[in-house]
Structures are given as C-alpha cells and as structure tokens.
1. One residue is enough: does the stretch 64-74 have a residue meeting the conditions out of contact with any Leu (no Cβ under 7 Å at 6 or more places or on another chain), within 25 Å of Ala148 (Cα to Cα) and not in a loop (DSSP other than H, G, I, E, B)?
2. From the list Ile81, Ile72, pick out the single residue that is more than 25 Å from the chain's Cα centre (by Cα) and either on the phi > 0 side of the Ramachandran plot or open to solvent by 70 Å² or more (accessible area, probe 1.4 Å) (or both).
3. Could you tell me how many of the residues in the stretch 111-153 are buried (at least 17 other Cβ atoms within 10 Å of the Cβ), aliphatic (A, V, I, L, M) and within 23 Å of Ser46 (Cα to Cα)?
4. Need pairs with beta-carbon distance below 7 Å; first residue among the polar types (S, T, N, Q) and within the stretch 108-119, second in a loop (DSSP other than H, G, I, E, B) and surrounded by fewer than 19 Cβ atoms within 10 Å (Cβ to Cβ); sequence gap 6+ or separate chains.
5. Would you confirm whether or not the stretch 89-102 contains a residue that is at pLDDT 90 or above, of a type outside the set (Val, Ile, Thr), more than 13 Å from the chain's Cα centre (by Cα) and in a loop (DSSP other than H, G, I, E, B)?
Amino acid sequence: MMLSCIKNTDILVSEIRLTPTNGKEFYFDNETLVGKVILKTKETISSEELSLSLIGESVTSHQTYPSNAYAIPTTITNSRILRKHVMVLSSQPNEELTLADTDNFNVFDSTFSFTFAIPDSLPPSIFVGSGRIEYYLLLEFMQHGENAKEIKKLPITIRSSVSPPVNPQDNNYSKKNGKLSVNVKMEPSYISSEKPELP
C-alpha cells in the first residue's frame, strides 16, 4: 500500500488502550497483551504508517562532585535500550475510516488492534534510587522519507513469574534468566490451598 501524505501534525488524538480498558497494575512474562490503538486524524492513515513496540530500557544516574566545595553537583544520566519488540497492528474495518464532521475540517477515526505475548526472557521492572529498568509501549508515526516520530508512550510494569519447587513440601520458588535470578521463599503461614478473598 502506498503511504499517504499525512503529516505528524495531522494526528489530533492518539490512545493506546489495553484490555481491560485501564490496563493492569502489572503484567507477568509470558502473559499476552491485548489492546487497540485509537487515532483521530485529519487524513486517512494505514497500519503501514504506524509502528507499535514494546521497549525495555535501563536508566542509571550518578552525581559528579566538582573540586569547588561551593559548586552544585552535576547529575549524569545514562540510558540503554535493553529490548525492542515490534508488534503487528491489524486495522479493524468496522471502525477504521469513520468520518466525522468537526467545525472546520473532517476527522477520521481509525482503530488498530494488537496481540503480543511478553517474552519470558525479560528482566522484571526495577525502580531503585540510582537506576531503573522500565517498560513502555511506544507508538510511532513512520513518515515517508523522515525519521520515526513519537506519537504516544504508555508505561507498563512487568513482573517475573517464578517456577514452583519440584518437591511440593519445599517453599522456595525461583527463576533464572541469564545472570539474573529471582528467588521467592514462601512462609508457611502464608501458603494456602484456598483462593484468598480480595477486597
């Protein structure tokens, strides 16, 4: 499909909507993300002009102290992309290209759906004083002949699932991905075969 002449400024409203509507507090690795990209644009737009990715980024910061005791310390921040997984967007014919009249121009409503299984090799989201590992969904506009332009960013939190012990009497749950290990020890008083009542 030939790309249209739509510009980044023609995108009036953008939303990444996860199912359930407000998303979840966190997602486990191996869990499936299901959602939609909803746009309002001045011109029609196709899935070939959009890119939706799951980005994992590590951010660390430290302070440098000048020799002058009265000078203000400088904070240096370094970031590195750990993972980038591009998702497939599928247009929804019943909702794409819905034309609505606004005051002085026409607005096109477009909806694109996506489904993505979170890889189990990802380290979990970590937030500490001097650094963090964070994840977000990044929607970009692939304008013809130019670099991709960011449209929308949606942060999500990923937790690492752990494997149950081989011995049912053991209370140690663990998982290892490369050099990263996660160990959880369950206290007997908290282990129950019944589903807890949630508020």
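1. For the stretch 64-74, residues out of contact with any Leu (no Cβ under 7 Å at 6 or more places or on another chain), within 25 Å of Ala148 (Cα to Cα) and not in a loop (DSSP other than H, G, I, E, B): absent.
2. Exactly one residue qualifies, and that residue is Ile72.
3. Adding up the residues that qualify gives 4.
4. Once the first residue is among the polar types (S, T, N, Q) and sits in the stretch 108-119, its partners that are in a loop (DSSP other than H, G, I, E, B) and surrounded by fewer than 19 Cβ atoms within 10 Å (Cβ to Cβ) give Ser110/Glu96; Ser110/Leu97; Thr111/Gln92; Thr111/Glu95; Thr111/Glu96; Ser113/Gln92.
5. Yes, there is a match, as at least one residue in the stretch 89-102 is at pLDDT 90 or above, of a type outside the set (Val, Ile, Thr), more than 13 Å from the chain's Cα centre (by Cα) and in a loop (DSSP other than H, G, I, E, B).
The values are calculated or read from the model by the stated rules, or taken from the named source; none is laboratory data. These numbers come from a predicted model, not from an experiment. Cβ atoms come from the backbone with ideal geometry, glycine included; neighbour counts cover every protein chain shown. All accessible areas refer to the heavy atoms of the entire protein, side chains included, with ligands and DNA or RNA removed. Shrake-Rupley method; radii C 1.70, N 1.55, O 1.52, S 1.80 Å.
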